[in-house]
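> Submitted below is the structure of interest, expressed as structure tokens.
The values are calculated or read from the model by the stated rules, or taken from the named source; none is laboratory data. Fair warning: this is a prediction, and the values are worked out from it, not measured in the lab. Counting neighbours? That spans all protein chains shown, and the Cβs are built from the backbone with ideal geometry, glycine included.
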Amino acid sequence: MQQVFADGNWLPYAFAFLMGLSVLIYTALDGYDLGVGMLIDNAHWHEKDRMIASIGPFWDANETWLILGVGLLLVAFPAAHGLILTELYLPVAIMLFGLIFRGVAFDFRSKAPYQQKWRWNNRFFYGSLLTALAQGYMLGFYVIGFDRSWAGILFSCLIAVALASAYCLIGACWLIMKCEGGLQEKAVKWARYHLVNSVVGLVAVSVVTPLISDRIYDKWFSFPAMLALVPIPVTTGLLVIGLFLVLRHMPFPRDRYCWLPFALTIGVYVFSFVGLGYSFFPYIVPEQMTITEAAAAPASLRIILAGALIVLPVLICYTALAYFVFRGKATELRYD
Amino acid sequence: MELDPFLLSRIQFAANITFHIMFPSITIAMGWILLFFKVRYNITRDQAWMQAYFFFTKVFALSFAVGVVSGVTMSFQFGTNWPGFMLTVGNIAGPLLAYEVLTAFFLEATFLGIMLFGFRRVPDWLHTLATILVALGTTASAFWILVLNSWMHTPAGFEMIDGQAHVTSWMEVIFNPSMPYRLTHMLLASGLTASFLVAGLSAFRILRDDRAAAVMKALKTGVYLAAILIPLQMFAGHEHGLNTKEYQPAKLAAMEGAWETRRGAPLVLFALPDESERANDFALEIPYLASLVVTHELDGEIRGLNEFETHPPVAPVFFAFRLMVGIGLLMLAVSWLGSYLLLRDRALPEYWLLALVGMTFMGCVATVAGWYVTEIGRQPWLVHGVLTVHDALGPVSGGMVLSTLLVYLGIYAFLTVAFIATLFYMAGKAGYGGERDPERQAMVGEERMTVIGAAE
């Protein structure tokens with residue numbers, strides 16, 4: 001054991017974990033604000049302001065998790081970073097176009113002349129949609145091992161829609177928590193609708209991954225391991241059922257448990273992610289490159305890890321502070 | 001026609017970074033200017049300082065948002081177009097970028113929410129603290145990025161093993177020879193960019209008859225700050241030039257338009273450098289001055305371009321350098337005379353305000369020109385002496401790069417126009433609460449008074 005620590009052989013795994021964690025946090029946090037961005041298209045004029053106000057103080061920091069995730073890939077696994085991103089050249093570019101429009105639209109819409117506001121609202125919507133679809137497409141394309149056949153592209157498109165829907169789901173749950181009255185009721189309806197779509201996507205990934213790869217099939221369906229793994233799909237299933245039931249009866253009197261759908265959705269995200277992570281481990285590029293093969297020099301990894309271990313707790317503290325300051329129902333955003 | 005992915009990728013990265021750097025140049029120093037407004041308010045409790053703060057936080061927020069999204073784009077382009085960069089020097093670039101995200105980016109992004117929208121939600125001290133942390137975050141971010149960029153110009157503290165750079169000393173990597181000069185030069189550039197932006201927008205408001213106390217305070221802050229920073233910047237730029245002479249003499253030769261190595265070299269004010277003839281056409285020169293400036297001796301030696309096996313393309317470096325210096329001199333004139341007029345008359349005449357409006361974005365132009373000098377001046381290297389730009393290119397097709405490049409160019413042109421238009425729109429309506437009605441302005445002032453009173 002000491003030998004392992006001395007070699008730094010464990011470092012790539014620590015970084016794979018950190019990177020996975022960043023991506024998971026990103027999909028949950030930026031997921032809800034992308035979701036809200038896609039849902040504004042269905043909302044009334046005055047509701048749009050409130051919806052965007054609910055994500056206003058957070059989106060900048062949420063997006064930073066993407067930079068951290070990609071940054072860690074870049075930093076800790078330079079070989080994989082180049083391989084993955086050159087494979088994903090176009091979807092990455094499309095995602096970036098979306099991110100650019102949505103990020104700036106958020107700020108422009110409140111500052112541009114009033115007559116142009118609807119245009120910026122539209123750009124915010126399309127930017128969010130494009131970002132979510134591109135990310136979903138990349139996820140699908142990654143899962144299927146960069147398969148450029150028609151089936152592969154079709155599968156990627158399916159996952160694109162499913163991930164966008166999953167973002168809408170968590171966005172709607174966020175709104176249930178942060179809004180009241182008519183908007184909250186609408187958010188409940190949106191959440192119900194998108195829950196169905198998300199589950200379809202989740203099932204598709206769960207069925208397809210073991211089928212396209214014998215290795216993944218064996219990892220899940222060999223006997224002793226299977227018992228230990230059963231909790232993952234079972235818990236995910238229970239969380240989904242819980243979410244169905246809660247959403248059927250939302251909103252509760254005196255707004256009790258308005259946070260519950262959001263918490264349950266986060267649970268679904270976490271367990272789906274763990275399942276996906278288990279399937280691909282120890283590969284960082286499916287079936288092509290393992291975590292250790294792609295890793296940077298241990299000396300560099302060590303110095304980043306030292307920094308990360310000091311900074312991450314502080315970062316979590318002040319993120320919590322920001323959420324605490326802007327707790328409760330969303331109100332109008334004012335600079336003064 | 002064969003599309004060259006190398007040239008297209010270079011244009012794409014240049015377009016990206018040109019667009020991107022304008023916004024950090026604004027926000028790095030704007031954060032400290034906002035802190036100054038906030039501290040002045042805390043000390044004097046004068047509403048006008050807080051109103052100046054509120055107006056320029058909007059400018060800050062807008063610049064920050066555009067800076068973030070264009071920065072994200074770049075972090076992806078390392079992988080999509082230039083994977084060789086990380087493969088070769090990832091062990092050095094990686095940790096520096098990681099520290100930037102961890103120590104700076106999260107700090108600014110998280111506290112930005114409290115700084116922008118938290119004035120009425122959090123205690124005053126926490127709001128001030130958030131402003132400090134955002135300013136610190138943007139500056140720390142600049143520090144890490146400039147460390148990495150300087151290392152690419154003057155690499156140190158590493159050894160090459162099997163074609164990959166491995167660190168031997170982090171101190172030498174971080175405090176590489178050009179880092180202190182480049183960092184100082186860039187921070188001062190940001191200071192000038194932000195102060196001319198503040199002065200320009202305030203002058204615009206005064207021209208629109210918006211004579212609120214907050215506007216005058218911001219105008220003075222902008223003009224005086226510029227007047228203080230510009231001589232410092234000229235000195236810092238000079239020192240940076242001397243550093244370049246030592247470590248990247250070919251770049252310096254291109255900046256000076258010097259083809260032959262000679263003693264007592266003249267300063268070329270203007271010329272058309274011709275690389276095929278290896279000479280300057282239509283040169284306008286001041287004898288001995290270049291040697292005097294660069295070596296501090298009349299007959300000091302300046303090494304010419306012909307001495308180097310490879311050197312950067314001369315014309316772009318030569319002209320960008322003159323553009324930067326020219327704007328610097330203009331800034332000196334406008335800010336010093338402006339300060340003199342402000343001190344004498346406590347106001348600026350209309351033509352001077354117009355000049356300031358015209359100078360609003362000159363800081364951005366000068367900063368971009370300066371970056372062109374240093375970055376084009378590093379060619380053909382990506383990391384000086386270690387990795388050429390050509391070797392870093394990934395397996396992308398020219399058609400693909402062209403298609404994304406065109407979209408990027410379209411988006412950036414659109415956003416630049418929208419950004420400038422929106423800033424002037426905000427400045428135009430700020431005093432009137434959206435309407436041209438002086439009564440309304442007074443009411444807004446009162447409202448704000450009670451709001452701020454309640455928050456204390």
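> What is the residue count in the stretch B:394-433 for residues that are within 28 Å of B:F60 (Cα to Cα), in a helix (DSSP H, G or I) and not aliphatic (A, V, I, L, M)?
11
> In the stretch B:322-348, how many are more than 23 Å from the chain's Cα centre (by Cα), surrounded by fewer than 16 Cβ atoms within 10 Å (Cβ to Cβ) and assigned to a helix (DSSP H, G or I)?
So the answer is 6.
Quick grid of which residues meet (1) surrounded by fewer than 17 Cβ atoms within 10 Å (Cβ to Cβ); (2) closer than 20 Å to B:Y372 by Cα; (3) touching a helix residue (DSSP H, G or I) at 6+ places or on another chain (Cβ under 7 Å):
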residue: B:M186; (1), (2), (3): no, yes, yes
residue: B:S195; (1), (2), (3): no, no, yes
residue: B:G257; (1), (2), (3): no, yes, yes
residue: B:P266; (1), (2), (3): no, no, yes
residue: B:S276; (1), (2), (3): yes, no, no
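> When residues of the stretch A:30-78 are filtered for being under 28 Å from A:I304 (Cβ atoms) and without any contact (Cβ under 8 Å) to a residue 24 or more places away in the chain, how many remain?
Total meeting the criteria: 6.
> Being in contact (Cβ under 8 Å) with a residue 24 or more places away in the chain and not polar (S, T, N, Q) is the filter; apply it to the stretch A:308-327 and report the residue that is surrounded by the fewest Cβ atoms within 10 Å (Cβ to Cβ).
To start, the set of residues in the stretch A:308-327 that are in contact (Cβ under 8 Å) with a residue 24 or more places away in the chain comprises A:308, A:319, A:322-323, A:325-326.
Keeping just the survivors that are not polar (S, T, N, Q) gives A:308, A:322-323, A:325-326.
Values: A:A308: 20, A:A322: 21, A:Y323: 14, A:V325: 17, A:F326: 23.
Here the residue is A:Y323.
> Pick from the stretch A:35-94 the residues that are more than 7 Å from chain B (Cβ to nearest Cβ) and among the aromatic types (F, W, Y): which of them is nearest to B:L102 (Cα to Cα)?
A:W65
> Helices (runs of 4 or more DSSP H) wholly in the stretch A:31-96 with at least 2 residues that are touching a Gly at 6+ places or on another chain (Cβ under 6 Å) - which ones? If you could, list the steps in order and put the result at the bottom.
On the way: elements: A:45-55, A:59-76, A:78-87.
Helices (runs of 4 or more DSSP H) meeting the threshold: A:78-87.
> Quick check on my filter: what residues within the stretch A:258-304 are in contact with a Gly (Cβ under 9 Å, 6 or more places away or on another chain), within 14 Å of chain B (Cβ to nearest Cβ) and outside any loop (DSSP other than H, G, I, E, B)?
The answer is A:V285, A:P298, A:A299, A:S300, A:L301, A:R302, A:I304.
> Continuing with this model, one more query. Looking at the stretch A:279-296, which of its residues are more than 21 Å from the chain's Cα centre (by Cα) and crowded, with 19+ Cβ neighbours inside 10 Å?
Within the stretch A:279-296, A:I291, A:A294, A:A295, A:A296 qualify.
> Which of the numbered conditions does B:V198 fail, given that it passes all the others? Conditions: (1) touching a Ser or Thr at 6+ places or on another chain (Cβ under 9 Å); (2) modelled with pLDDT of 90 or more; (3) within 13 Å of chain A (Cβ to nearest Cβ).
Unmet condition: (3).
> Those residues that are of a type in the set (V, I, T) and either surrounded by fewer than 17 Cβ atoms within 10 Å (Cβ to Cβ) or modelled with pLDDT of 85 or more (or both), I need them from the stretch A:209-241; list them, please.
Initially, the stretch A:209-241 is screened for residues of a type in the set (V, I, T), giving A:209, A:212, A:216, A:230, A:232, A:234-236, A:240-241.
Within the stretch A:209-241, A:V230, A:I232, A:V234, A:T235, A:T236, A:V240, A:I241 meet the criteria.
> Could you list all residues from the stretch B:120-129 that are within 9 Å of chain A (Cβ to nearest Cβ) and either at pLDDT 90 or above or more than 15 Å from B:M50 (Cα to Cα) (or both)? Before you say what the answer is, go through the steps one by one.
Taking the stretch B:120-129 first, the residues within 9 Å of chain A (Cβ to nearest Cβ) are B:120-122, B:126.
Residues satisfying the conditions are B:R121, B:V122, B:L126.
> For B:I114, indicate whether it is in contact with a strand residue (DSSP E or B) (Cβ under 7 Å, 6 or more places away or on another chain) and not in a loop (DSSP other than H, G, I, E, B).
Numbers: in contact with a strand residue (DSSP E or B) (Cβ under 7 Å, 6 or more places away or on another chain): no; not in a loop (DSSP other than H, G, I, E, B): yes.
So B:I114 does not fit the description; no.
> If you check every pair at least six apart or on different chains, which have Cβ atoms under 6 Å apart with a residue in the stretch A:118-134 that is touching a residue at least 24 places away in the same chain (Cβ under 8 Å) first and a residue that is of a type in the set (S, T, Y) and buried (at least 22 other Cβ atoms within 10 Å of the Cβ) second?
A:A132/A:Y167
> Sticking with this one: Can you find even one residue in the stretch A:97-110 that is within 18 Å of the chain's Cα centre (by Cα), in a helix (DSSP H, G or I) and among the charged types (D, E, K, R)?
Yes.
> Would you mind finding the one in B:F105, B:F117, B:F76 that is facing chain A (nearest Cβ under 7 Å), aromatic (F, W, Y), within 23 Å of A:W59 (Cβ to Cβ) and out of contact with any helix residue (DSSP H, G or I) (no Cβ under 7 Å at 6 or more places or on another chain)?
Numbers: B:F105 fails: out of contact with any helix residue (DSSP H, G or I) (no Cβ under 7 Å at 6 or more places or on another chain); B:F76 fails: out of contact with any helix residue (DSSP H, G or I) (no Cβ under 7 Å at 6 or more places or on another chain).
Answer to the check: B:F117.
> Can you name the residue in the stretch A:106-139 that is within 11 Å of another protein chain (Cβ to nearest Cβ) and within 23 Å of B:S403 (Cβ to Cβ) and is also surrounded by the most Cβ atoms within 10 Å (Cβ to Cβ) among such residues?
That would be A:T131.
> Is it true that B:K217 is crowded, with 17+ Cβ neighbours inside 10 Å, basic (K, R) and under 23 Å from B:G363 (Cβ atoms)?
yes
> So, one more: What number of residues within the stretch B:43-72 satisfy the criterion of being surrounded by fewer than 24 Cβ atoms within 10 Å (Cβ to Cβ), facing chain A (nearest Cβ under 7 Å) and of a type outside the set (A, V, I, L, M)?
Of the residues in the stretch B:43-72, 2 are surrounded by fewer than 24 Cβ atoms within 10 Å (Cβ to Cβ), facing chain A (nearest Cβ under 7 Å) and of a type outside the set (A, V, I, L, M).
> Does B:T360 satisfy being part of a helix (DSSP H, G or I) and hydroxyl-bearing (S, T, Y)? Walk me through it before giving the result.
Values: part of a helix (DSSP H, G or I): no; hydroxyl-bearing (S, T, Y): yes.
No: the conditions fail for B:T360.
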